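One structure below.
The values are calculated or read from the model by the stated rules, or taken from the named source; none is laboratory data. If you're wondering where the values come from, they're calculated on a predicted model, not measured in any experiment. Cβ sites come from the backbone with ideal geometry, for glycine too, and all protein chains shown count toward neighbours.
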Amino acid sequence: MLSTPKGTHDLLPEDLSTWQFMEAMARETFARSNFQEIRTPILEYTELFARGVGDSTDIVNKEMYSFEKGDRQLTLRPENTAGVVRAYIQHGMDRWPKPVKLFYMGPQFRYERPQAGRQRQFHQVGAELFGIDTPQSDLTVIALAYDFLALLGLNNLSLEINNVGCFVCREDFKIKFKALVKPYLSELCEDCNKRYETNPLRMLDCKNPTCKAVYQRSDIQAFLNEDQTCSECQTHFQTLLDLLEKSEISAHRNKMLVRGLDYYTRTVFEITSNHLGAQNAVCGGGRYNGLVKTLGGPDTPAVGWAMGMERLISLIQKKDTLSLDYYVASDDLLSAQVLARKLRQQGYSVDLDLSGKALGKQLAQADKLGVRQVAILGESERLNGTVTLKDMTQKTQTTVPQESLFR
Ligand code: ATP
Ligand code: MG
């Protein structure tokens, strides 16, 4: 039997009512804050991610689905920020009124080891704000995430936040950090040894228990505890922490939080749930002031986040499928079809039997479908231009002129 590729899933009708609820709440949240939707292609040139996500990241090194077509290298997008930034540049959005506020929803692809909360095709909903560099704009996107989560009924989440500095002060941080961990290199994993050369900050993101223990050593922790960033970065971050407190969003500073992607500057954050097991992050984001320029656009500050929709789904209450307004039951299929179409043109949702069931069986079917009303068209109703309405919740029955069903 053929099945879905490893790490991918079908979403069946019974799953989709909850998905549609989540998507509706996302759209509602974005509309309330005037974030507008953008849809970029699932397929992009590979170089977009090599430059935009960073070729020292796991995503670009190990996790991309890439292939050649014609003479170009293409990739199924592993995340959506790079695509949105490409579109921002390609369509001259720097000339739009600032800030430019965009959101997206859609599938992403990463070749990872599938496990609970980790798929190879997964979905993200995300928001990006371009053109403003203030702590208030960081607060705007974090509050947006919280507003969405609240509409989903998710309130018991934690916000972890950190300041990773800017491109200038981070260089200094890297030099000092490298000197500090150099004596431990032989204890650290192969990946951390590589990261030591290419992207030392990312060493702190390592999941290997031995490496984690090294980074917990008191000399390294003491170094991390002193804020190593420049005074502008520190002021920005401190202001953001104050704003969060005044907005009653409690944040926990996590000095080990560096996030996997190269493009972050200053603020990075994650929203986690303790109901998710090992894959506990529902949202990851931060400020990425260098990315638009890196991809060939004008120097533009930006801040945003992405949430894993499968992880959200596993946290929210399952929604029932919407019930139908009418089921038309009749011993004459054509009459039933004509009435059903008229009702649909009035905006009602209607179903009927196509398999030739007897009237009694049709009523049983209607009950199973959970419809509100059955419109029965028997011989006498057809002759008189009437219809018998059976209310499935009240269990009452009345015969009325067909005309009275049309608004
Ligand atoms: P993780 O640490 O879980 O690997 P990440 O840092 O790789 O996350 P981001 O690239 O920041 O994740 O993506 C944002 C969100 O997308 C994550 O917080 C998570 O909810 C979701 N996500 C990322 N990768 C996957 C995946 N393979 N399957 C399902 N959801 C994912
Ligand atoms: Mg990951």
| Tally of residues being among the aromatic types (Phe, Trp, Tyr), out of contact with any helix residue (DSSP H, G or I) (no Cβ under 6 Å at 6 or more places or on another chain), surrounded by 15 or more Cβ atoms within 10 Å (Cβ to Cβ) and farther than 19 Å from Gln124 by Cα across the stretch 134-184 | 1
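Select from the stretch 342-376 the residues that are part of a helix (DSSP H, G or I) and touching a residue at least 12 places away in the same chain (Cβ under 8 Å) and list them in ascending order.
Of the residues in the stretch 342-376, the ones part of a helix (DSSP H, G or I) are 342-345, 359-369.
Once the filter is applied, which keeps residues that are part of a helix (DSSP H, G or I) and touching a residue at least 12 places away in the same chain (Cβ under 8 Å), the stretch 342-376 yields Lys342, Leu343, Leu359, Gln362, Leu363, Gln365, Ala366, Asp367, Leu369.
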| task | Provide a single number: the residues in the stretch 30-46 that are part of a helix (DSSP H, G or I) and in contact with a strand residue (DSSP E or B) (Cβ under 9 Å, 6 or more places away or on another chain). | result | 2
| Which condition does Asn193 not pass, out of (1) within 27 Å of His252 (Cβ to Cβ); (2) of a type in the set (S, T, N, Q); (3) at pLDDT below 95, if it passes all the others? | (1)
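Just for the stretch 281-324: of the residues that are without any contact (Cβ under 8 Å) to a residue 40 or more places away in the chain and within 16 Å of ligand 2 (Cβ to nearest atom), which one is surrounded by the fewest Cβ atoms within 10 Å (Cβ to Cβ)?
In the first step, residues of the stretch 281-324 are kept if they are without any contact (Cβ under 8 Å) to a residue 40 or more places away in the chain; the result is 281, 284, 293, 299.
If we keep only those that are within 16 Å of ligand 2 (Cβ to nearest atom) too, we end up with 281, 284.
Values: Ala281: 16, Gly284: 24.
Taking the candidates together, the pick is Ala281.
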| task | Considering only the stretch 291-322, state which residues are polar (S, T, N, Q), closer than 30 Å to Leu12 by Cβ and either in contact with a Cys (Cβ under 8 Å, 6 or more places away or on another chain) or away from ligand 1 (no atom under 15 Å from the Cβ) (or both). | result | Gln317, Thr321
| What number goes with the only condition from (1) more than 12 Å from ligand 1 (Cβ to nearest atom); (2) in contact (Cβ under 8 Å) with a residue 60 or more places away in the chain; (3) out of contact with any strand residue (DSSP E or B) (no Cβ under 6 Å at 6 or more places or on another chain) that Pro97 does not pass? | (2)
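Would you pick out the residues in the stretch 91-129 that are polar (S, T, N, Q) and assigned to a loop (DSSP other than H, G, I, E, B)?
If the condition is that a residue be polar (S, T, N, Q) and assigned to a loop (DSSP other than H, G, I, E, B), then Gln119 is the only one that fits.
Any idea how many residues of the stretch 93-118 are within 16 Å of ligand 2 (Cβ to nearest atom) and touching a helix residue (DSSP H, G or I) at 6+ places or on another chain (Cβ under 6 Å)? Step through it out loud before you land on a result.
We begin by selecting, within the stretch 93-118, every residue within 16 Å of ligand 2 (Cβ to nearest atom); these are 107-118.
Filter once more, keeping what is touching a helix residue (DSSP H, G or I) at 6+ places or on another chain (Cβ under 6 Å): 117.
Counting residues in the stretch 93-118 that are within 16 Å of ligand 2 (Cβ to nearest atom) and touching a helix residue (DSSP H, G or I) at 6+ places or on another chain (Cβ under 6 Å) gives 1.
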| field | From Tyr327, Tyr288, residue being of a type in the set (Phe, Trp, Tyr), touching a strand residue (DSSP E or B) at 6+ places or on another chain (Cβ under 6 Å) and either closer than 30 Å to Gln402 by Cα or assigned by TED's automatic domain parsing to the domain that holds Thr386 (or both) | value | Tyr327
| remark: When every residue in the stretch 53-76 that is part of a loop (DSSP other than H, G, I, E, B) and within 14 Å of ligand 2 (Cβ to nearest atom) is compared, the one surrounded by the most Cβ atoms within 10 Å (Cβ to Cβ) is Thr57
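Quick grid of which residues meet (1) outside the structural domain of Asp262 (by TED's automatic domain parsing); (2) modelled with pLDDT under 95:
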position: Pro298; (1), (2): no, no
position: Asp320; (1), (2): yes, yes
position: Val338; (1), (2): yes, no
position: Arg341; (1), (2): yes, no
position: Asp351; (1), (2): yes, no
position: Ser355; (1), (2): yes, no
position: Gly360; (1), (2): yes, yes
position: Leu369; (1), (2): yes, yes
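This table checks each residue for (1) surrounded by 12 or more Cβ atoms within 10 Å (Cβ to Cβ); (2) out of contact with any helix residue (DSSP H, G or I) (no Cβ under 9 Å at 6 or more places or on another chain); (3) assigned to a helix (DSSP H, G or I).
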site	(1), (2), (3)
Met1	no, yes, no
Lys6	no, yes, no
His9	yes, no, no
Glu14	no, yes, yes
Gln20	yes, yes, yes
Glu23	yes, no, yes
Leu48	yes, no, yes
| task | Restrict the check to the stretch 248-262 and report whether at least one residue is in the same structural domain as Gln119 (by TED's automatic domain parsing), among the acidic types (Asp, Glu) and more than 22 Å from the chain's Cα centre (by Cα). | result | yes
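Quick one: which residue in Leu224, Leu241 is at pLDDT 90 or above, out of contact with any Cys (no Cβ under 8 Å at 6 or more places or on another chain) and hydrophobic (A, V, I, L, M, F, W, C)? Walk me through it before giving the result.
Values: Leu224 fails: at pLDDT 90 or above.
Within the list Leu224, Leu241, the selection yields Leu241.
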| remark: Wholly inside the stretch 235-308, strands (runs of 3 or more DSSP E) that include 3 or more residues that are closer than 19 Å to Asn156 by Cβ are 267-272, 281-287, 302-308
| said: Give me the residue from the stretch 57-81 that is hydrophobic (A, V, I, L, M, F, W, C) and away from ligand 1 (no atom under 11 Å from the Cβ) and, out of that set, farthest from the chain's Cα centre (by Cα). | reply: Phe67
| Given (1) outside the structural domain of Asp138 (by TED's automatic domain parsing); (2) buried (at least 18 other Cβ atoms within 10 Å of the Cβ), number of the condition Ala222 does not satisfy | (2)
